[in-house]
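S.K.: This structure is in structure tokens; I'll ask about it shortly.
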Amino acid sequence: MNVGIIGSGTMGSGIAQVAATSGCKVKLYDTNTTALDKAKAALDKILNRLIEKGRIDEVEKNRIQSNIEYVDSLKSLSDANLTIEAIVENLEIKKQVFFELEGYVSDDCIIASNTSSLSIASIASSLQNPERCIGIHFFNPAPLMKLVEVVPAIQTSKGTLDKSVQIIIDWEKTVAVAKDTPGFIVNRVARPFYGESLRIYEEGIADFVTIDWSLKELGGFRMGPFELMDFIGNDVNYTVTETVFTAFYFDPRYKPAFTQKRFAEAGYLGRKSGKGYYDYDEGATKPKPKEDNNLAQKIFDRVLVMLINEAADALFLNIASAEDIDKAMTKGVNYPKGLLAWADDKGIDWCVSKMDKLYDEYHEDRYRCSPLLRKMNKENKTFF
Ligand SMILES: NC(=O)c1ccc[n+]([C@@H]2O[C@H](COP(=O)([O-])OP(=O)(O)OC[C@H]3O[C@@H](n4cnc5c(N)ncnc54)[C@H](O)[C@@H]3O)[C@@H](O)[C@H]2O)c1
């Protein structure tokens, strides 16, 4: 199969590696030839590291590399069966590229976007044949992260969806099909992990390290929310939250936190700037958490129930199936357990009473219990 990748940055080069590894002939295109050179050098480094670790041999390295051609004209992608665009997150620029691309490729070429935040329907509208357009959303780093969200727009044909799902499965990835709504599954359902933790901090209930400790210790999360925000970058994570908040017509559930905005504004971006919620300078010591089990339980329960509520509401609004929502959170952001399975474990009555308690305390719409949880509780149902 011939695959065209548009944009050779972080995501485009990772997706090219995935497709080439699975045996596709890939053409990786970028307007910036320096970006192409960088992508080529980066792949060489990655493959050498895989050789050092004994995961691949020299023959495999050559096979993968010979499957990728680096090109600087969009027209070169004319023989593609599938194109995946991973350029700058700008709707007008993406639409322009899609419009031009459609003039070069065959009628049955699938034209996909890796966008994180734009609507697939709006991108598809730039095409003469929007039925062939779909969202294929990888996570960073694409070669390592198992999950891919496949997002059909309202214009997308069933044939395009089925073919896309099959291709991604053939690339040995886990597919979750998501509705074309802001944040798809992961970037929507994960918001309370950050947002509720920031709120707990802002209320003065605990400091960053204690909140991180509580979620790792009681929840089994690999990284605490503040460690993760520092890892992702406070600028990037803040922008995702603000984009989701705006796209949901300012639903208070997704309201960004001033704490994070100020950190981003100050340049305290996290690991990449050497300082975020923690200090990453050489020799810096990490503060110690307050290891109080009662406090940890209170923090963990509050963040977990907000995550469960968000996952339940995504199911309620048919964003994805229960299986795909749980798959998305375990494979896309490495949660130790799917949130809906977690709800079953805790008990739906526990979830409803925790949400109602938060609502009683704050009287904020942010803490409204999902109608689905309430209904399931009345009917004594579980998710699985
Ligand atoms: N970085 C992530 O964690 C992540 C995760 C999932 C999805 N995404 C999405 O993937 C896309 C790319 O993100 P990224 O982080 O790889 O960006 P990036 O900045 O690393 O790379 C973008 C590349 O696109 C090139 N480019 C820009 N305009 C172009 C054009 N008109 N034609 C061809 N090439 C062009 C740039 O030269 C650059 O090399 C965005 O839509 C983003 O929302 C990013």
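S.K.: With the condition being assigned by TED's automatic domain parsing to the domain that holds Val209, of a type in the set (S, T, N, Q) and under 16 Å from Ala190 (Cα atoms), I'd like the helices (runs of 4 or more DSSP H) fully within the stretch 283-384 carrying at least 1 qualifying residues.
M.R.: Those helices (runs of 4 or more DSSP H) span 293-316, 322-332.
S.K.: Just checking, how many residues over the stretch 2-45 are part of a loop (DSSP other than H, G, I, E, B) and of a type in the set (Val, Ile, Thr)?
M.R.: 1
S.K.: Considering only the stretch 22-45, state which residues are surrounded by 17 or more Cβ atoms within 10 Å (Cβ to Cβ) and within 11 Å of the ligand (Cβ to nearest atom).
M.R.: Once the filter is applied, which keeps residues that are surrounded by 17 or more Cβ atoms within 10 Å (Cβ to Cβ) and within 11 Å of the ligand (Cβ to nearest atom), the stretch 22-45 yields Leu28, Tyr29, Asp30, Ala35, Leu36, Ala39.
S.K.: Can you confirm whether Ile299 is of a type in the set (A, V, I, L, M, F, W, C), surrounded by 18 or more Cβ atoms within 10 Å (Cβ to Cβ), at pLDDT 95 or above and more than 27 Å from Met223 (Cβ to Cβ)?
M.R.: No, not satisfied.
S.K.: Just to be sure before I move on: is Arg271 farther than 27 Å from Asn294 by Cα and of a type in the set (D, E, K, R) in the structure I sent?
M.R.: Judged against the criteria, Arg271 is a match.
Results for (1) assigned to a helix (DSSP H, G or I); (2) free of Cβ contacts under 8 Å to residues at least 24 places away in the same chain; (3) among the acidic types (Asp, Glu), shown as yes or no for each residue.
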{"position": "Leu228", "(1), (2), (3)": "yes, no, no"}
{"position": "Val240", "(1), (2), (3)": "yes, no, no"}
{"position": "Phe250", "(1), (2), (3)": "no, yes, no"}
{"position": "Pro256", "(1), (2), (3)": "no, no, no"}
{"position": "Arg262", "(1), (2), (3)": "yes, yes, no"}
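Yes or no, residue by residue, for (1) assigned by TED's automatic domain parsing to the domain that holds Leu74; (2) among the acidic types (Asp, Glu); (3) closer than 30 Å to Arg253 by Cα:
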| site | (1), (2), (3) |
| --- | --- |
| Thr115 | yes, no, yes |
| Pro130 | yes, no, no |
| Phe138 | yes, no, yes |
| Pro141 | yes, no, yes |
| Val148 | yes, no, yes |
| Gly159 | yes, no, no |
| Gly183 | no, no, yes |
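S.K.: Also: Could you please find all residues in the stretch 226-244 being within 13 Å of the ligand (Cβ to nearest atom) and of a type in the set (S, T, N, Q)?
M.R.: Residues satisfying the conditions are Asn237, Thr239, Thr243.
S.K.: Among the residues of the stretch 341-384, which ones are of a type in the set (Gly, Ala, Ser) and more than 25 Å from the chain's Cα centre (by Cα)?
M.R.: The initial filter retains those residues of the stretch 341-384 that are of a type in the set (Gly, Ala, Ser), namely 341, 343, 347, 353, 370.
Across the stretch 341-384, the qualifying residues are Gly347, Ser353.
S.K.: Continuing with the same structure: Any idea which of (1) of a type outside the set (A, V, I, L, M); (2) surrounded by fewer than 14 Cβ atoms within 10 Å (Cβ to Cβ); (3) without any contact (Cβ under 8 Å) to a residue 40 or more places away in the chain; (4) within 21 Å of Ile205 (Cβ to Cβ) is the one Lys286 doesn't satisfy?
M.R.: Result: Lys286 fails condition (3) only.
S.K.: Could you grab the pairs with beta carbons closer than 7 Å, sequence gap of 6+ or different chains, first residue in the stretch 66-90 and within 25 Å of Lys163 (Cβ to Cβ) and near the ligand (Cβ under 10 Å from one of its atoms), second one among the charged types (D, E, K, R) and not in a loop (DSSP other than H, G, I, E, B)?
M.R.: Leu74/Glu100; Glu85/Lys94; Ile87/Lys94
S.K.: Please indicate, with yes or no, whether at least one residue in the stretch 132-150 is in contact with a Cys (Cβ under 9 Å, 6 or more places away or on another chain), part of a loop (DSSP other than H, G, I, E, B), away from the ligand (no atom under 16 Å from the Cβ) and within 22 Å of Asn2 (Cβ to Cβ).
M.R.: Checked against the condition, which is being in contact with a Cys (Cβ under 9 Å, 6 or more places away or on another chain), part of a loop (DSSP other than H, G, I, E, B), away from the ligand (no atom under 16 Å from the Cβ) and within 22 Å of Asn2 (Cβ to Cβ), the stretch 132-150 yields no hits at all.
The values are calculated or read from the model by the stated rules, or taken from the named source; none is laboratory data. A quick note: this is a predicted structure, and the numbers were derived from the prediction, not measured. Note: ideal-geometry Cβ built from the backbone for every residue, glycine included; neighbour counts use all protein chains shown.
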